[in-house]
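Just below is one structure, and these are the notes that go with it.
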Amino acid sequence: MTPTTLPLSEPYGAVSCLRAGEGTPLVLIHGVGMQSAAWGPQIEAFAQTHEVIALDMPGHGGSAPLPAGADLPDYVAWLHEVLRVLDLGPVSLAGHSMGALIAGGYAVSRPEDAARVALLNGVYRRSAEARAAVEARAAEISAGSFDLETPLARWFGDRPADRQARAQVAEWLSGVNLDGYAAAYSAFARGDSTYADGFGGIRCPLLALTGDGDPNSTPAMAQAMADAAPRGKAVVIEGHRHMVNLTAPAEVNAALRDWLNTEGATS
């Protein structure tokens, strides 16, 4: 993997990413509090067949933050600028959690530039109760409260694979830029319905994948996303929670491989 920094136009600053492999492009976007290295098992697997580009989201890793008050469409516009600078043409785009919201928004707003889109542990039309809970967490984070253990308890079970991944994720979360974390979490809390009405216009293959034990990115949400998209497919990994790409990499990579082998977007 080669760390790379790309200069973007204003107001975006620089974006950092990990690049590996050669071939058709596969772009990966992580979730809130993480960094591009959170895609490690997928970078290793797919760099054998693709040019894999794992981005650091704004305000995370080495990427500059967005201006204060940024909302989900601002993150989608950021992604468009990144892909414009990379000049890759239509890409296969996979996002996890907040990254799934960004990827889904991009596929809705730029359908001609998305060859495929995979939404891992994404959120879609939260219930009123779930929305209130996530907005309360966003307010606490914005006020300066940083609780490491609560998200880890939601994201992981007690299997050996979970314990190993949990230690790595705890390290990433502990080192996160708090302003970037708070900004992204606020956009995440408000973004579950922003592009939901546009899923019917996504022309490319859409994979919606989650773990059956994920309490917030639920199997019902994955199925609803797949049902809303003309070429949607839902996959639920049993026995896993939110960080399923780390705790069940073989199953996730198999689903992603099938997705990548599906004929891309049609005009």
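Given the whole protein assembly as supplied and a 1.4 Å probe, what does the accessible area of Ser92 come to in Å², nearest 10? About 10 Å², ignoring ligands and nucleic acids. Between segment 205-226 and segment 143-157, how many Å separate their Cα centres? When both Cα centres are located, 21 Å separates them. Does the chain come out rounded, prolate or oblate, given a ≥ b ≥ c as the square roots of the eigenvalues of its C-alpha gyration tensor, rounded meaning a/c under 1.5 and, failing that, prolate meaning a/b above b/c? The shape class here is rounded. Within the full protein context, the accessible area of Met1 is estimated at about 140 Å² for a probe radius of 1.4 Å. Between Thr4 and Thr49, the C-beta separation translates, for a Förster distance of 22 Å, into a calculated FRET efficiency of about 0.65. A cut-off of 5 Å between modelled amide H atoms, ignoring neighbours fewer than 5 places along the same chain, links His240 with Asp212, Gly213. Sorted into 5 angstrom bins from 0, the C-alpha pair distances of segment 67-159 split as 3, 11, 16, 21, 18, 13, 10, 7, 1 percent. Just need the relative contact order of segment 200-260 here, percent rounded to a whole number, with Cα pairs under 8 Å and 6+ apart. Rounded, it is 36 percent for segment 200-260. With contacts taken as Cα pairs under 8 Å and at least 6 residues apart, segment 67-130 reaches a relative contact order of 33 percent. So, R0 is 25 Å and r is the distance between the beta-carbons of Glu263 and Glu22; what FRET efficiency does that work out to, to 0.05? That pair, Glu263 with Glu22, gives E of 0.70. Per residue, the solvent-accessible area of segment 1-60 (1.4 Å probe, heavy atoms of protein chains only, all protein chains present) comes to 36 Å². Each stretch of four or more DSSP H residues adds -39500 (n - 2.57); spread over every residue of the chain, this sum gives -12500 deg cm²/dmol at 222 nm. Under 1.5 on a/c is rounded, so check that first for segment 141-267, then, if it is not, pick prolate when a/b is larger than b/c and oblate when it is not; a ≥ b ≥ c are the square roots of the alpha carbon gyration tensor eigenvalues. Cα axes put segment 141-267 in the oblate bin.
Available extension along the chain between Ala128 and Asp147 is 4.5 nm, counting 0.36 nm per residue and deducting the alpha carbon span. The relative contact order of the chain, computed from alpha carbon pairs under 8 Å that lie at least 6 residues apart in sequence, is 20 percent. Couplings for segment 142-157, taken from phi via the Karplus curve 6.51 cos²θ - 1.76 cosθ + 1.60 with θ = phi - 60°, read 5, 7, x, 7, 10, 10, 7, 6, 4, x, 4, 5, 6, 7, 10, x Hz in order; Gly and Pro are left as x. Solvent-accessible area of the chain (1.4 angstrom probe, protein heavy atoms only): carbon and sulfur portion equals 51 percent. Spacing of the modelled spin labels on Glu140 and Asp227, each 7 Å from Cα toward Cβ, amounts to 3.2 nm.
If R0 is 25 Å, the Cβ-Cβ spacing of Arg110 and Ala254 corresponds to a FRET efficiency of close to 0.35. Can you tell which of Met57, Ser127, Gln35 lies farthest toward the positive end of the dipole of the chain, using +1 and -1 charges on the Cβ of basic and acidic side chains (Lys, Arg; Asp, Glu)? Most positive-ward Cα: Ser127.
In order along segment 100-115, the Karplus-derived 3J(HN,Hα) couplings, from 6.51 cos²θ - 1.76 cosθ + 1.60 at θ = phi - 60°, round to 5, 4, 5, 4, x, x, 5, 5, 6, 8, 10, x, 6, 9, 10, 6 Hz, and Gly and Pro are given as x. For Gly122, the amide hydrogen comes within under 5 Å of the amide hydrogens of Ser97, Leu209, counting only partners 5 or more places away or on other chains and with H modelled in the peptide plane. Our coupling estimate for segment 58-72, obtained by passing each phi through the Karplus curve with A = 6.51, B = -1.76, C = 1.60 and θ = phi - 60°, is x, x, 10, x, x, 8, 5, x, 7, x, 4, x, 4, 10, 3 Hz, Gly and Pro reported as x. Ordering Val236, Asn253, Pro205 by the projection of their Cα atoms onto the charge dipole of segment 197-267, which places +1 on the Cβ of Lys and Arg and -1 on the Cβ of Asp and Glu, puts Pro205 at the extreme positive end.
The shape of segment 130-213 comes out oblate: with a ≥ b ≥ c from the C-alpha gyration tensor, a/c is at least 1.5 while a/b does not beat b/c.
The values are calculated or read from the model by the stated rules, or taken from the named source; none is laboratory data. Please read these numbers as outputs of a predicted model, since none were measured by experiment. Neighbour counts run over all protein chains shown; Cβ positions are idealised from the backbone, glycine included. In case anyone asks, the SASA skips ligands and DNA or RNA and just uses the protein heavy atoms, side chains included. Shrake-Rupley method; radii C 1.70, N 1.55, O 1.52, S 1.80 Å.
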